[in-house]
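Shown next, in C-alpha cells, is the structure this report addresses.
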Amino acid sequence: MLVLGFQGSPRKKGNTSFLLTNFMQALEKLGAQTRIIEVARKNIIPCKEYVVCEKKGYCPIDDDVKTEIYPLIRQAEVVVLATPIFFFNMTAQLKAVIDRCQLFWARKYKLKLTDPAKKTKRGFLLSVGASKGKSLFEGLQLTAQYFFDAIDARFEGSLTYRDIESPKDMAKHPNVLADIEKAAAALIGPLQGRKKILFACRENACRSQMAGAFAQHLAGDKIEVSCAGSEPAKEINPDMVKVMQEKGIDMAFRRTQSLNEAIAESEPDIIVTMGCGEECPFVPGAEMQDWDLPDPASKSIEFMRNVRDEIEKRVKGLIRELK
Ligand SMILES: Cc1cc2nc3c(=O)[nH]c(=O)nc-3n(C[C@H](O)[C@H](O)[C@H](O)COP(=O)(O)O)c2cc1C
C-alpha cells in the first residue's frame, strides 16, 4: 500500500514538514510504504490552460508533474496533502500541482474514465496557520475536496492546527503526536490485513495489467493488488490502454515493474501467473494459480479484446472464490 504525501511548504523543516513526516512515520508503523514529494523543490510548471487535457486527456507540459507526479498519484492508494495556510488557502507551489490535476478531472468528467483503484483510494489533509480565525481552513478544505474528487479519492478527513507560526511551533503542540496516531489508524486501518494478490506475466504490459486493474475495479478495497513481469517492458501497451478504455477503465500513467520489485514491496498471498515462463515467481506459502492465456502483444486489437474479456471473466471467478 503506497501512501503519497505532498509537502507544500517552502520551509524545509517547518511546521508542515513536522506534521507530514510524523504522519507518514505513523502510517509506516502500520505497514504502509510512503513517499513524500517536496513540491517546492520540484520542477513544476503551472497550468497554461492549453485545454489539451480536456480534449485529448493528456498534458503537453514536460516537467516533474508529467514524469513523476501523475504516475505516483495513480499508483498511490492514499494521497495526503500537507500545507501551511498562505492567504486562506494552500501555497502556490502546491496549488500548481493541483491545477495540473485538471488532467484527471478531464479524464474523469470529459472522457468518462474511472481510475481502477477508485473504490480504494483515500485522501487526507494536513494544515497549519498562524491565526486563530474560525474560517481559516475553509478555502483550503474546498480546494482539497475538489482535488480529491478529481483524482477519484474519497476525502477521509483532516488534521488542522491554528495559532502555529514559528517553525518549531507545531513540534511543541501537546496533542499533535496522539492526534496523528489516531488519524493514521483510522485512515488505513480498513486497508490493513487485505489478501494480497500478485498477477504475473512476461512484460507486465498487457495481461497482468488488465488483471490487476479488473481486480481493483471489481473487488474494491477487499484485496491488495499488484502486477509485474518477468521481463518488464519499458511501457504499458497502447492497445491494452485502448481496450480497457472501451470498458471505461483508465490505465493511463501505469508503469511496468519486475517480479522482484513487486515481491520486495509486498509479499503476495496468492500469485496468478499467465505466461511468465521459466521466470514465474515462487514465494513460500503463497497459493499459486496458473491462467493459460495467450500473449496479445503484437496481435490485432480484436485479439486484445478477447484476452481482456477472458481476463475479466477469470478475475470475477477469483473474487467469487475469495468470498
Ligand atoms: C505568504 C504567507 C501567507 C500567509 N498567510 C496566512 C494566512 O492567511 N493565515 C494565517 O493564519 N497564516 C498565514 N501565514 C502564516 C503561516 O501559515 C504559518 O507561519 C505556518 O505555520 C507556516 O508553516 P510552515 O512552517 O510549514 O511553512 C502566511 C505565511 C506566509 C509566508
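Just a few scattered comments:
- Protection proxy ranking for 155-166, 70-81, 45-56, using the average of other Cβ atoms within 10 Å per residue and placing the highest first: 70-81, 155-166, 45-56.
- Lys, Arg +1 and Asp, Glu -1 on Cβ, resulting dipole of region 13-82 about Cα centre, debye, nearest 20: 40 debye
- Sum of side-chain charges, F253 neighbourhood, beta-carbon under 12 Å (Lys, Arg +1; Asp, Glu -1): +1
- One decimal place: the segment D309-A264 gains 13.2 nm when fully extended, by the rule 0.36 nm per residue minus the C-alpha distance.
- Looking at region 235-323, the GluC sites (Glu not before Pro) that sit in a DSSP loop and have at most 12 other Cβ atoms within 10 Å of their own Cβ are E235, E246.
- Compared with the direct C-alpha span, the chain from L218 to A92 gains 41.6 nm at full extension, assuming 0.36 nm per residue.
- Look at where the Cα atoms of region 242-264 and of region 31-91 average out, and the two centres are 20 Å apart.
- Cβ-based charge dipole, the chain, positive-most Cα from P284, F124, A200: F124
- Too-long pairs where the Cα-Cα distance tops 19 Å, listed order kept, from K13/K132; K118/K234; K55/K112; K66/K299: K13/K132; K118/K234; K66/K299
- Within-9-Å neighbourhood charge of D163 [Cβ basis; K, R +1; D, E -1]: 0
- Prolate/oblate/rounded label for the chain (Cα gyration tensor, a/c 1.5): prolate
- Each Lys and Arg contributes +1 and each Asp and Glu -1, all at the Cβ; summed about the Cα centre of the chain, the dipole is approximately 1040 debye.
- Relative contact order (percent, whole number), the chain, Cα cutoff 8 Å, 6+ residue spacing: 16 percent
- Anisotropy class of region 1-87 from Cα gyration tensor, a/c 1.5 cut: oblate
- Region 50-194: C-alpha gyration tensor shape, a/c 1.5 cut-off, then a/b vs b/c: oblate
- Scalar couplings 3J(HN,Hα) for region 274-283, obtained by applying the Karplus form with A = 6.51, B = -1.76, C = 1.60 to θ = phi - 60°, are 8, x, 8, x, 4, 8, 3, x, 10, 10 Hz; x denotes Gly and Pro.
FYI, it's all coordinate maths here, none of it is from the lab. Being a predicted model, the structure only gives us computed values, none of them experimental. Methodologically, a virtual Cβ is constructed for each residue, glycine included, from the backbone with ideal geometry; neighbour enumeration extends over all protein chains shown.
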